[in-house]
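As structure tokens, the structure follows; a few thoughts come after it.
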Amino acid sequence: MHVHTPGQRDAPVPAPGSGVSFVMPVLNEERYLDTAVASVLAQEVDGPFELILALGPSTDGTDALAQRLAAGDERIRLISNPAADIPVGLNRAIAASVYPTIVRVDAHSALEPGYTRRAMATLARMRAANVGGVMRAEGRTPFQRAVAHAYNSRIGLGGGAYHSGGADGPAESAYLGVMRRAVLDEVGGFDETIRRGEDWELNLRIRRAGYRVWFDPDLAVAYWPRERWSRLVRQFRSTGTWRGELVRRYGRRNSLRFFAPPALLVVAALALVVAIAQLTGLLHGVWSVIASLVYVPLVAYLLVVIGYAGSRRAGPGLRERLWALVVIPSMHLAWGAGFLGGAARGARENVDTSRLRRNTPLP
């Protein structure tokens with residue numbers, strides 16, 4: 001039964017069996033692509049489906065693997081994405097697709113069994129334009145598992161329902177997303193000038209057009225985070241930079257939770273200045289006592305991080321918990337630094353290099 005939400009437009013519901021197009025931008029994913037593709041091919045779909053891989057300029061064995069996979073299954077099609085940018089690859093794949101429902105897949109992820117069938121049912125029931133579920137981060141090493149647990153924790157990534165779960169209902173954005181092509185065509189697809197946060201911006205336009213974006217907690221996608229600390233820091237700095245750019249463009253439409261990491265970084269910088277002034281004698285007496293109040297939020301933050309790292313939420317093993325002491329502040333501070341730079345100067349074509357190798361040509 002269709003549940004109508006007053007004041008919003010219903011997205012079109014294609015006839016049963018109309019088919020589904022899976023779209024996946026791919027760049028340097030030799031270690032994960034096989035798993036991602038297998039998870040798509042195992043999906044149960046009412047009607048025909050296709051998987052379109054938008055291949056960026058990879059420098060590992062990704063392209064050769066993609067060609068072998070395509071040769072082994074006629075449902076897989078390959079297109080070129082020389083720009084390497086995710087929104088460009090998504091738009092190219094969608095333009096090459098033929099079915100009325102689009103399922104976005106990340107090459108670093110794996111759709112859980114029944115994902116597409118349930119998402120299609122939710123789309124039809126809610127007459128939504130886009131539906132998404134939970135990003136279930138997983139890891140293969142102690143460091144990656146520590147990052148995965150941080151992703152799945154409110155302490156790590158904050159209030160997004162698709163990170164830490166929540167109730168079924170309207171959402172600000174959707175992780176990956178199962179979308180109606182007609183609505184994508186109407187709102188103009190992904191904005192190719194945005195390299196990170198393109199999904200949030202697209203869902204903003206979908207909601208502005210009056211359509212529903214829906215969160216279904218029973219939908220889940222396995223996701224493998226970055227495997228190295230340096231790549232994690234580069235990823236979060238780039239993501240923060242683009243969020244700063246989105247704040248420049250859309251101001252108050254951004255949630256307040258996006259301002260927490262830069263606030264932490266500002267407080268940390270002020271605390272450093274106060275500490276230097278106290279140690280050198282420039283700040284003393286009652287003013288030194290008053291200035292010491294800047295340490296209070298930092299001490300509270302450190303206690304929260306230590307408390308998290310000491311709990312099973314950070315992982316079952318000692319190595320995951322020790323890594324958590326590094327991972328959580330690294331994510332927050334890198335994101336905050338990127339945000340401040342992006343908000344002050346704009347993203348200026350910032351590129352996330354966390355999955356690029358040294359000889360990968362930058363767009």
**Request:** Of the numbered conditions (1) touching a Leu at 6+ places or on another chain (Cβ under 9 Å); (2) exposed (fewer than 15 other Cβ atoms within 10 Å of the Cβ); (3) closer than 24 Å to residue 139 by Cα, residue 266 fails exactly one; give the number of that condition.
**Result:** (3)
**Item:** Selection within region 98-108 - modelled with pLDDT of 95 or more and buried (at least 22 other Cβ atoms within 10 Å of the Cβ)
**Value:** 101, 102, 103, 104, 105
**Request:** Considering only residues that are small (Gly, Ala, Ser), assigned to a helix (DSSP H, G or I) and over 19 Å from residue 202 (Cβ atoms), look in region 120-163 and name the one that is most open to solvent (accessible area, probe 1.4 Å).
**Result:** 121
**Prompt:** Which ranges mark the helices (runs of 4 or more DSSP H) fully within region 275-354 that have 2 or more residues being hydrophobic (A, V, I, L, M, F, W, C), open to solvent by 80 Å² or more (accessible area, probe 1.4 Å) and over 22 Å from residue 138 (Cα atoms)?
**Reply:** 285-291, 295-309
**Message:** Could you list, ordered by first residue, the pairs with Cβ atoms under 7 Å in which the first is in region 84-112 and basic (Lys, Arg) and the second is part of a strand (DSSP E or B) and crowded, with 24+ Cβ neighbours inside 10 Å, at least 6 apart or interchain?
**Reply:** 92/54; 104/23
**Asked** For residues in region 1-28 being open to solvent by 10 Å² or more (accessible area, probe 1.4 Å) and among the polar types (S, T, N, Q), which is modelled with the highest pLDDT?
**Response** 18
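I need the full set of residues from region 176-202 which are touching a strand residue (DSSP E or B) at 6+ places or on another chain (Cβ under 6 Å) and either open to solvent by less than 20 Å² (accessible area, probe 1.4 Å) or modelled with pLDDT under 90 (or both), in order please.
Within region 176-202, the subset touching a strand residue (DSSP E or B) at 6+ places or on another chain (Cβ under 6 Å) is 176-179, 181.
Selection gives 176, 177, 178, 179.
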**Message:** So in region 171-203, with the set limited to residues that are part of a loop (DSSP other than H, G, I, E, B) and small (Gly, Ala, Ser), which one is farthest from residue 10 (Cα to Cα)?
**Reply:** 197
**Asked** Any idea which of 75, 117, 68, 31 is of a type in the set (Lys, Arg) and either surrounded by 23 or more Cβ atoms within 10 Å (Cβ to Cβ) or within 17 Å of residue 219 (Cα to Cα) (or both)?
**Response** 117
**Request:** Looking at (1) within 18 Å of residue 175 (Cα to Cα); (2) modelled with pLDDT under 95; (3) in a helix (DSSP H, G or I), find the lone condition where residue 206 falls short.
**Result:** (2)
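The values are calculated or read from the model by the stated rules, or taken from the named source; none is laboratory data. Bear in mind that the values here come from a model prediction, so they are computed numbers and not experimental data. Neighbour counts are summed over all protein chains in view; Cβ atoms, including those assigned to glycine, are modelled from backbone coordinates with ideal geometry. Note: areas computed on protein heavy atoms with side chains; ligands, DNA, RNA excluded. Shrake-Rupley method; radii C 1.70, N 1.55, O 1.52, S 1.80 Å.
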